[in-house]
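Reviewing the structure listed below.
Readers should treat all values here as calculations from the given coordinates under stated rules, not as data from a laboratory. From a predicted model like this one, the values you see are computed outputs, not experimental measurements. Cβ coordinates were reconstructed from backbone atoms using ideal geometry, including for glycine residues, and neighbour counts include every protein chain displayed.
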Amino acid sequence: MKIYLLYIMFSCLLIVTNSTANTFSVTQVTDNSFYDYNPQINSNGQIVWSQYDGNDYEIFLYDNNSILQLTNNSYIDSDPQINSTGNVVWAGGLSLDKHEIYLYDGNQTIKLTNNSFRDLYPKISREGSIVWTMNDGNDQEVFYYDGATITQLTNNIYHDYPVQQSSNGYVVWAGYDGYDYEIFLYNGVTTVQITDNDFDDFLPQVNDHGEVVWHGGTTGSDYEIYLYNGSSISQLTNNSYNDNKPKINSEGHVVWVGNDGNDYEIYLYNGVSTTKITDDIYNNFNPQINDNGWIVWEGFDGHDYESFIFDGISTTQLSDNDFQDYGPQINSKGDVVWFGGVDSDSFELYLASSSDQRTVPEPSTIVLFSLGILFFAAHKRNQKFN
């Protein structure tokens, strides 16, 4: 019986660990003589980006089979974002001092703002709510569009920026309180000040449960990573190096860039412990994480920057060429888009699609699966002797 049980447990281990590595097919999305950059991808594989056409920047949408030019004008259109339903927002104007917010709803383009100020960096949720910052002539304030009306979320004499929004409408930003920057959260009803300390807290990100991450510390020295779980704040890092630019997924997993004393590496907090995802002699930057825990980033390989992905088990290098690859973004299915090229005049977009869009089994799943098989084996044994 002991040998039989050992065999069952070993078989369970093989079932869990004998997963083949993901393979990715890479497609070049654009092929022109212009500068395509800052791509964003939604769960359906639709991609938006900004392209310099030789005169100004325009917005483009890739809808799996074709490319649609959303803007065609004589001014700057930048910072496009897309939600899961294919709605696109961006900022456009004659100069950075005079930008408005625009929304493409799948059929038409709507001009949401019309003022003499600077409206920038819009973010759109799954339901279609939009947030952005506007300079009102004195400072940066946060504005919110719920699909019908525009509400000013902040109104003070200090800067409030940058603003981020979860897919279901939680809004976070960093706001100056007269001494330093603090983190604020709007939950759809009220605004809550999350931090109140004597150092700067900046670049917050929020997930669908209202959990917030950011980096904080004395400007120019040692930033640490912090996590707000809805009721309390936890400090995820505590070292003498810079840890910054955290991202959080719907499971509460956090990824960030941290200096290990030699170079910048990628770190992951899975809700229990922290793992160093990269460990090499080169810099790794700009990590993104999807809800399955897959992580993408740009890493130097000794010659140029390439795009990498960690699928919870192994790391795959998505690009391997002699030019720079920047800004990888990942969707919920594991599709990755980035821009790359020899120089900024000829950047193109690339899309990597996974052959196996699986999730990593949680330890609890493995235990339950093993116990289930052991229970079945014991039941069959009892039947044999009864």
Under a crude label model (7 Å from the Cα following the beta-carbon direction), how far is ASN55 from HIS303 in nanometres?
3.9 nm
Structure-derived log10 I(q)/I(0) by the Debye sum over Cα atoms at q = 0.12, 0.13, 0.14 Å⁻¹ - corresponding label in (i) -0.90, -1.04, -1.18; (ii) -1.12, -1.20, -1.28; (iii) -0.99, -1.14, -1.30:
(iii)
Figure the gain on full extension for PHE323 and ASP280 (residue separation times 0.36 nm, minus the Cα-Cα span) and round it to one decimal in nm.
13.5 nm
Subset of LYS247/LYS333; LYS276/LYS333; LYS245/LYS333; LYS123/LYS276 violating a 20 Å alpha-carbon distance limit:
LYS276/LYS333; LYS245/LYS333; LYS123/LYS276
Taking Cα atoms, the helix 363-385 axis meets the longest principal axis of the chain at an angle in degrees (rounded to 10) of 20 degrees
Counting helices only, and only those DSSP H runs with n ≥ 4, report the 222 nm mean residue ellipticity of the chain as the sum of -39,500 (n - 2.57) divided by its residues, in deg cm²/dmol to the nearest 500.
-3500 deg cm²/dmol
If the chain between SER231 and THR218 were fully stretched, how many nm would it gain, using 0.36 nm times the residue separation less the Cα-Cα distance?
2.2 nm
Taking a straight Cα-to-Cα line shorter than 19 Å from LYS98, and setting aside same-chain aspartates and glutamates fewer than 8 residues away, one finds ASP56, GLU58, ASP77, ASP79, ASP119, ASP136, ASP139, GLU141, ASP160
Nearest-ten-degree value, helix 2-17 long axis tilted from longest Cα axis of the chain:
20 degrees
Top mean-square fluctuation among LYS98, LYS245, LYS333, Gaussian network model of the chain, C-alpha springs under 10 Å?
LYS98
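Report the full-extension gain for the segment LEU70 to ASP291: residue separation times 0.36 nm, less the Cα-Cα distance, to one decimal in nm.
Numbers: separation 221, 0.36 × 221 = 79.56 nm, distance 2.90 nm.
This chain segment gains 76.7 nm when fully extended.
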Which whole-angstrom value gives the distance between the alpha carbon centres of the stretch 54-76 and the stretch 135-163?
27 Å
